[in-house]
1. Filter region C:329-342 down to residues that are surrounded by fewer than 23 Cβ atoms within 10 Å (Cβ to Cβ) and part of a loop (DSSP other than H, G, I, E, B), then give me how many there are.
2. Under 29 Å from C:Val165 (Cα atoms), in a loop (DSSP other than H, G, I, E, B) and within 14 Å of another protein chain (Cβ to nearest Cβ) - does that describe any residue in region A:316-326?
3. When only residues in region B:322-352 that are away from chain A (no Cβ under 14 Å) and among the small types (Gly, Ala, Ser) count, which is farthest from C:Val49 (Cα to Cα)?
4. Look through region A:261-276, keep the residues that are at the interface with another protein chain (Cβ under 7 Å from one of its Cβ atoms) and touching an Asp or Glu at 6+ places or on another chain (Cβ under 9 Å), and return whichever of them is surrounded by the most Cβ atoms within 10 Å (Cβ to Cβ).
5. Return the total of residues in region A:97-119 being touching a Lys or Arg at 6+ places or on another chain (Cβ under 6 Å) and either modelled with pLDDT under 90 or on the phi < 0 side of the Ramachandran plot (or both).
6. Of the conditions (1) surrounded by 23 or more Cβ atoms within 10 Å (Cβ to Cβ); (2) within 10 Å of chain A (Cβ to nearest Cβ); (3) in contact with a helix residue (DSSP H, G or I) (Cβ under 6 Å, 6 or more places away or on another chain); (4) under 30 Å from A:Tyr249 (Cβ atoms), C:Ile234 clears all except one; give me its number.
7. Among the residues of region C:116-157, how many are more than 30 Å from C:Glu99 (Cβ to Cβ) and crowded, with 18+ Cβ neighbours inside 10 Å?
8. Just to verify a result, which residue in region A:105-122, among those that are facing chain B (nearest Cβ under 8 Å) and among the hydrophobic types (A, V, I, L, M, F, W, C), is surrounded by the fewest Cβ atoms within 10 Å (Cβ to Cβ)?
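The values are calculated or read from the model by the stated rules, or taken from the named source; none is laboratory data. Model, not experiment: these values are computed from the prediction. For neighbour counting, all protein chains shown are included, and Cβ atoms are generated from backbone atoms with ideal geometry for every residue, glycine included.
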Amino acid sequence: MSKLEKAALGEPATVAPTDADDAFLSVRDLRIHFNTDDGLVKSVDGVSFDVQRGKTLGIVGESGSGKSVTSLGVMGLHRSANARVSGEVWLDGQELIGAEPDEVRRLRGRKMAMIFQDPLSAMHPYYSVGHQIIEAYRVHHKVSKKVARQRAVEMLDRVGIPEPDKRVDGYPHEFSGGMRQRAMIAMSLVNNPELLIADEPTTALDVTVQAQILDLIRDLQKEFGSAVIMITHDLGVVAEMADDLLVMYGGRCVERGPAEKVFSEPRHPYTWGLLGSMPRLDREETDRLVPIKGSPPSLINVPSGCAFNPRCPYADIPKDNVTRTVRPELTEVGSQHWAACHMTQEQRERIWTEEIAPKL
Amino acid sequence: MAGTDNPVPATGSRTAVAAYIIRRVFGALVLLLVVSAVTFAIFFLVPRLGGQTATQLATQYVGKDANPESVAAIKRNLGFDQPIYIQYWDYLKGLFVGADYKFGPDATHCAAPCFGYSFKSHVEVWPQLTERIPVSFSLAVGAAVIWLIFGVTTGVISALRKGKPVDRIAMFIALAGVSLPIFFTGQVINALFVYQWPIWDSTDYVPFTQNPADWAWHLLLPWISLAFLFSALYARLTRAGMLETMGEDYIRTARAKGLKETTVVTKHGLRAALTPIVTIFGMDFGTLIGTAVLTETVFSLQGIGAYSIQAIKDNDLPIVMGVTLVAAFFIVFCNLIVDLVYAAIDPRVRYS
Amino acid sequence: MSDEKAVTIPAQSGGAALTKDAAPGDTLLKVTGLQKHFPIRKGLLQRQVGAVRAVDGLDFEVRAGETLGVVGESGCGKSTMGRLITRLLEPTGGKVEFEGKDITHLGVGGMRPLRRDVQMIFQDPYSSLNPRHTIGTIVGAPFKLQGVAPEGGIKKEVQRLLSVVGLNPEHYNRYPHEFSGGQRQRIGIARALALNPKLVVADEPVSALDVSIQAQVVNLLDDLQEELGLTYVIIAHDLSVVRHVSDRIAVMYLGKIVELADRESLYSAPMHPYTKALMSAVPIPDPKRKNAKSERILLKGDVPSPISPPSGCRFHTRCWKATEICRTTEPQLLELKPGQRVACHHPENFEDQAPQDTVLLTVAKEAAELVADEVLAESAETSAAVAAQVEATEAAEASEATETAAESEPEDSAPEAAEESESTEPDTAETDTTAPKATDK
């Protein structure tokens, strides 16, 4: 175990993939572990990535892959006495993990903001939508309520809520799902944040509303030039939104690269599995989907070696049982494209082109 | 399209609130009527069903030296010879327009609201009650202020420091507070501060209108002993509520906005956690006015709780009935207030 | 692979398909004019002031052995529909016939024998299983409720069912919390299959599951259908899942079916504008298409309230093709092409049903602003092409001129005449100009 840990600890130096100079957000070897009664939960276990201004990073993974905890870690919101956090989070040249909590608080909502999955539970049921937006604005701006209210109306209008001067006094439960998510976005963007983290922003919404919301986020990003992290389980959504992609499994990053590359030449069996599991409207109907066997791992008992090995159909290809004993590191498989798999480049290329791609 | 996705048009909300209030007030009135009917039935109908004759009933209303004439007078005056609904109707009428009671040559006019006349102690019920309600009310109000402040604060601190020593100690004291009966804590406080170290020379009731300072000072000990019990209960309630709300998504949103932790806790967390507490508080407070028997007894306060015990002992039915109605009134009234406050706190309640 | 386990179904059930009463292709379930209105009560006396018209007149049938997919956005009434045809709810109006028997208003007792034949699978595998019961009890419950004693005892049968759905039969005594979401959904499926039902209604069977698990359950449902000859009604909001599992698909909007067609026709050439918008909204997992945003049709606003649905065509408030007739007249669900029923005055990929009505409503003009010009042009082209072809056939059949000979608009063309019109290429440049709406923007 100690050898493994050492190997994992050595990761950041070797795996800083892009030069962090132009990155607005740089996360290095982020680890978030929770002490629970059942044991140590390694929700995030050594994740590194960068996001540039104006770019979108998509983080995909199944439930329990650590994708949401990662974003909460960046925001400094993983508040729990039992959480142990290590690694570095650089936001616009400022390190956040070691910073004073109050310092990070002042950045939250102003420099970095977040949109949550379920806008009904994420907005306070007792306060009007306008009140909540005004509050978000006035934390970071010393302005009168009247000015802030004007700003709230303006934002509601900007996100496409009809009659914003009336709806500003409405309560969240009076809004439809789509309108509520728009209001949530208005609240997040009221301070022109430079980093926007959207955690499953459209999962609770219908497809037609999802299309509206994604369109809105895209437009707003264009307008404000902010960096966006889009966390989702829906490969369709990331394909549409993301410039870069981070695939997470069992609290770790298994593949990372430009979205187009990850979709056209994925180099990790888990990514193949995700692509094979989903029925697609843009392809001929297939008779059968190709699911990944088994279930996602428990984060208390992450399988040793490659966390994916119990579900991987190719786990026996690398020699000496290495998939079950040694944790694979991210290695460069193409320009800016990284994957953590024990199979050789050639093996993976062959399997992808011969076995996987034709079936998709 | 703009209008159709708005489920509650702005103009409708005010009428909705008005309708809500009217519905609740109406409901409260109906409830009071039902309570009075049920109470009346219990005191006047049930004994009859149990086989007592009107004469026997009337005898109970006369003091020890009952002679046939006075019994007959009471029987007539109280309408025991009338059907039960007429009796109830007369009683209700008395509440609003007053009634006349005659025995022998004397006639007593009992002005509205007439809660009846006690033939045992030869007094009208209502003046007796009005004399005692302020005592009970003062006791309840002061105690409530103390227990709300202490209970809620302790609960919030406990919830935020869950598992830490502060939490454990607070919850231990709370457990003690819930477990210790009020006559015990009351007696101990009495023994310590009135007899052992006589900081209080008197705990007699002084009306607020007469001397507010004395009023508060004299009631402080009863307040504290009563509040001790309730603080403990409310600390536990608040703690549970806070633990739940602080895990809500909107708390995370509030933090994500960059709000200070104190704002997050008080404005976003506590407000939501207090909603169920408001409900329970309304009931507790309403109930307490008529039932703080133990505290009133321990500190010799002439409140309606103690009065009702005395009346029960004496089998003085008109007084028991009056006390019951007054107690019921406070409970119903406080619940009505709670409903209205609830609507003010939680906008979702207004339209349902 | 756990999903492969499902394929190795014990031989015992192999002949099940043959013993079914309804031969494949026969109508198993027939629904006519189905309605469900939930009353809204208000005021002091709680009198009824209106109704949520959750399901408001559905006509469809389910054939033995097929899978009917039902899609629509939240609030379209698809789940209510599921509960109506399984008779968990009593319809307000209309008729439900199962194997020719009217079950619309059967009471609990009357439904009992039918409960064996009609089963339901629910969305949330976490709340639909009683946490205090072992899965043996859960899966075996239908036998006890129906008083059926399977051969070899309940326990043996339950274990067989568990192995059928790909679970370890030895986990008979475990509790639901010991299973993952996907496994719980399998337990729900095993329970539904216990009494060898004919019709299984699945309400969002995979939407609460992770992507990789979704595929396992979808494949399992597939295998079971093949092995046991089951008939499915699968209700889902995910269009790609529905396409994968269904033979025919009904698209619902505000309590109505707007289009009902076989999978091929629906996905290759949707006729109802709503179907088209719905499909175009599905994000495609192919980053290369990221900039091909023009295909997307963004609908304006939200689904209107089912308490007071719009007049005429319920979609007219959001449709970019809506004209006066859409506001005033409700379109009937007509079989415009074999196997494709549509309720629309101005269908896509087909000849206009109300070509005389060319003036767009203002809302439609606003809605059209959100639709890319390419989409509008293409839609006009295909409609025009269909129209041209219809006209050509008509002209060939009867060479009499129509009253409006001056215009080349296909005003009187009968819809029945357009059966083979699937061409998507405009014949000539001339037909382009006949497109009624492309120029109206």
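1. Summing the residues that are surrounded by fewer than 23 Cβ atoms within 10 Å (Cβ to Cβ) and part of a loop (DSSP other than H, G, I, E, B) in region C:329-342 gives 6.
2. No, region A:316-326 contains no residue that is under 29 Å from C:Val165 (Cα atoms), in a loop (DSSP other than H, G, I, E, B) and within 14 Å of another protein chain (Cβ to nearest Cβ).
3. Filtering region B:322-352 for residues that are away from chain A (no Cβ under 14 Å) and among the small types (Gly, Ala, Ser), the one farthest from C:Val49 (Cα to Cα) comes out as B:Gly322.
4. Taking the candidates together, the pick is A:Leu274.
5. Going through region A:97-119 one residue at a time, the tally reaches 1.
6. Evaluating C:Ile234 over (1) surrounded by 23 or more Cβ atoms within 10 Å (Cβ to Cβ); (2) within 10 Å of chain A (Cβ to nearest Cβ); (3) in contact with a helix residue (DSSP H, G or I) (Cβ under 6 Å, 6 or more places away or on another chain); (4) under 30 Å from A:Tyr249 (Cβ atoms) leaves (2) as the failure.
7. The qualifying residues number 2.
8. A:Leu107
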